[in-house]
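Dropping a structure here in structure tokens format, bear with me for questions.
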Amino acid sequence: MIAVRRRQQPQQPTDPAEIVLALDRHDEPLPLSAQPSYARKMAEIAEAEGVRDRARQRDERARARRLSPPPSRGAVDRMKDLAAGGFIPGTDPAHDQQAAREEVAIARAAEVALHGELAEITSELSYQFSQRLVAQNRAAMAALYEHLSQASAALAALQGLRARMMAQGYQPSEVVLPTFVPAAAYQLGAPDNFGSPLATLRRWLVERNFI
């Protein structure tokens, strides 16, 4: 087992009450990266990543020591190195490598947990932001249906003009009556045609009291 020095006040999962959408001076939400709860969790993730990186470096050093050949220099030369401030590591490289790999595993597990908490924070902040846009979203969806209905009516009018001529044996002249209709317009259908996309949209809006 490896002794892990614990903080006096270990980090705890974010309290849901602390996940509050922060606003700027114009009463608009700050960018997600600037939200305090999000930034704090990102700092914890960076801390875990730092621990993992240091542990990997420790692992590499221990591995290098295990593979290094025994010293071939004389005792006097080695003594001079020690006198100049050098030292001989006392930890068995194999044990040090094992400890480093356990530290890597701990850091990885912490990163997984912290990323899960970050996802919860992102979801909650996104939900709070969404709540601020309920009225605008409702108005935009209603306007979308209105404009699509007008587009459907306009398309029906164009088709009616040509049908009127062709019913009497004439061929509409594209020179005199030029038209350009995006293919998607033909897919809208009519709002009173139960199976059409436009009718489906209308039912969706009615079910939610948008119109």
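Consider only pairs whose beta carbons are under 8 Å apart and that are at least six residues apart or on different chains; among these, list those whose first residue lies in the range 185-210 and is free of Cβ contacts under 8 Å to residues at least 12 places away in the same chain and of a type outside the set (Lys, Arg) and whose second residue is in a helix (DSSP H, G or I) and surrounded by 11 or more Cβ atoms within 10 Å (Cβ to Cβ).
Sorted first by the residue in the range 185-210, then by its partner, the pairs are 187/197; 192/199; 193/199.
Surrounded by fewer than 12 Cβ atoms within 10 Å (Cβ to Cβ) and assigned to a helix (DSSP H, G or I): is that true of residue 173 in this structure?
no
Counting only residues that are touching a helix residue (DSSP H, G or I) at 6+ places or on another chain (Cβ under 7 Å) and assigned to a loop (DSSP other than H, G, I, E, B), which one in the range 1-50 is modelled with the lowest pLDDT?
Per the criteria, the residue is 2.
I would also like to ask the following. If I ask for residues that are of a type in the set (Asp, Glu) and more than 15 Å from residue 108 (Cβ to Cβ), which ones from the range 30-71 would you list? Give the derivation first.
Let us first name the residues in the range 30-71 that are of a type in the set (Asp, Glu), namely 44, 47, 49, 53, 59-60.
Correct list: 60 only.
Those residues that are touching a Phe, Trp or Tyr at 6+ places or on another chain (Cβ under 9 Å) and closer than 12 Å to residue 181 by Cα, I need them from the range 137-165; list them, please.
Scanning the range 137-165 gives a single hit, 155.
Now, a different point. Take residue 62 and decide whether it is in the same structural domain as residue 110 (by TED's automatic domain parsing), within 16 Å of residue 103 (Cα to Cα), modelled with pLDDT under 90 and not acidic (Asp, Glu).
So residue 62 passes the test.
Here's another thing I want to ask about it. Determine the pairs where a residue that is under 15 Å from residue 33 (Cβ atoms), located within the range 121-132, has a partner that is modelled with pLDDT of 95 or more and among the polar types (S, T, N, Q) with Cβ atoms under 7 Å apart, the partner being 6 or more residues away or on another chain.
So the pair list comes out as 121/37; 125/35.
Search the range 147-179 for residues being in contact (Cβ under 8 Å) with a residue 12 or more places away in the chain and within 26 Å of residue 211 (Cβ to Cβ), and hand back the single one that is nearest to the chain's Cα centre (by Cα).
148
Table: residues versus (1) at pLDDT 90 or above; (2) exposed (fewer than 14 other Cβ atoms within 10 Å of the Cβ); (3) under 22 Å from the mean Cα position of the chain (by Cα); (4) in a helix (DSSP H, G or I).
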site	(1), (2), (3), (4)
79	no, yes, no, yes
90	no, yes, no, no
108	yes, no, yes, yes
114	yes, no, yes, yes
142	yes, yes, no, yes
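The values are calculated or read from the model by the stated rules, or taken from the named source; none is laboratory data. The structure displayed is predicted, hence computed values, not measured ones. Glycine also receives a Cβ, built like all others from the backbone with ideal geometry; neighbour counts cover every protein chain displayed.
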